[in-house]
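Before any comments, here is the structure.
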Amino acid sequence: MTEGGPTQDPVTGPPGRARESVLSETFVSLADTLVDDYDIDGFLDFLVASCMGLFDISAAGIVLVDARGNLSPTASSNEDARVLGLFELQSAEGPCLESVSSGRVVASADLTREHERWPRFAPAALGAGFRSVQSLPMRLRGENIGGLSLFGAEQPPMTPDQREVAQALADVATVGILQQRSLHRASLLAEQMHAALDSRVVIEQAKGILAESGRLDMNSAFEALRGYARGSNQKLGIVAEALARRRLDPATVLAAGRRNRVR
């Protein structure tokens, strides 16, 4: 029997708790957030907090690629990590940027030796009290959407096993984010399709009103509708809706068409 207090798990860090138990709780909690309307900011905050609880590190931060293709800090465990993330993006130099661009893990066990590699980032990280960093890609099927950075102060560098677990957490987050974005795009596309269909229905109604009022065929009614929209500098759908809702007199549209033909 080993004397002394509880030993620390080499992967999860917290003493007295089995690796499987801690990881199971974390992954279950992460999976619970993967619902249609989950809060992405809360999701990433939980991921950062989970990393702080699982690993012997001093800080954690996440940057994501936004809709315009730019990286921005999205979650951080403390102000030092947030400021360092901003500094890395502004100076266009550092491990997270390299990890996102390459899709690979970028690490340093001793930042005091990285002044040539990162002449701006390394002094800034050391000034914030960090001595080591692990930047893990958030990547799925060739699409890089961001990176997870884990910083250490006086702690020993992360082991390969720890890094593997951290990458698994980053992968879960990546799946959740891409799922949310996919659902958002699908919802937006559905809205656009419904709007286009509704607009077409209204235009057909307006054509029918003009055809009946002016004793025109449908092609001539459409030409009258389009001509009025152009002449009044309005969108076709807006004019059609005004006719369908009886806010615009069909005679006004038809009269404008006759004036245009006379000219």
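The values are calculated or read from the model by the stated rules, or taken from the named source; none is laboratory data. Just so it is clear, the model here is predicted, and its values are computed rather than measured. Virtual Cβ from ideal backbone geometry, glycine too; neighbours counted across all protein chains shown.
Descriptive notes on the structure:
- Candidate set from segment 88-122 (those that are in contact with a strand residue (DSSP E or B) (Cβ under 9 Å, 6 or more places away or on another chain) and acidic (D, E)); member that is surrounded by the fewest Cβ atoms within 10 Å (Cβ to Cβ): D110
- Flag if R230 is among the basic types (K, R) and at pLDDT 85 or above: yes
- Among the residues listed as R117, R139, the single one being assigned to a loop (DSSP other than H, G, I, E, B), in the same structural domain as Q90 (by TED's automatic domain parsing) and within 23 Å of P160 (Cα to Cα): R117
- Among the residues of segment 112-146, those identified as out of contact with any Gly (no Cβ under 9 Å at 6 or more places or on another chain) and among the small types (G, A, S) are G127, A128, G129, G146.
- Once segment 22-79 is narrowed to residues that are modelled with pLDDT of 80 or more and of a type in the set (S, T, Y), the residue that is nearest to E98 (Cα to Cα) is S72.
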